[in-house]
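The values are calculated or read from the model by the stated rules, or taken from the named source; none is laboratory data. Keep in mind it's a predicted model, so treat the numbers as computed, not measured. Cβ placement follows ideal geometry from the backbone for every residue including glycine, while neighbour counts extend to all protein chains displayed. Quick note on the areas: whole protein, heavy atoms, side chains included, nothing else; ligands and nucleic acids left out. Shrake-Rupley method; radii C 1.70, N 1.55, O 1.52, S 1.80 Å.
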Amino acid sequence: MSRSLLIILMAGVVGLGAGVAAFYGTRGPGGNAQADSCAASAPVAARLTPLARGEVAAFQVTAQPKLATNVGFKAPDGRDLKLSDLRGKAVL
């Protein structure tokens, strides 16, 4: 198998994985819209609580997920945006 064919196949697998993750995160079972009722979040929050020390002491672990603050910022093209403008989209 040639190196370029291997790279193309690997890129295809990575792209497919990214597509599945994007679909599951936004349109799959419950998507992100049900974040405040995620049963798995409580045990994770409990495990993270003791780790919030030192440089990450400001990290606050909450018992229940909370909605992010509707912060405002400039888009790359200079437009004013708010976090709520991106509702339903993956934001890093």
Review point. Tell me, what is the 1.4 Å probe accessible area of S4, in Å² to the nearest 10?
Key: 70
**Study point:** Distance between modelled label sites at D85 and L16, nm, 7 Å Cα→Cβ extension
**Key:** 3.7
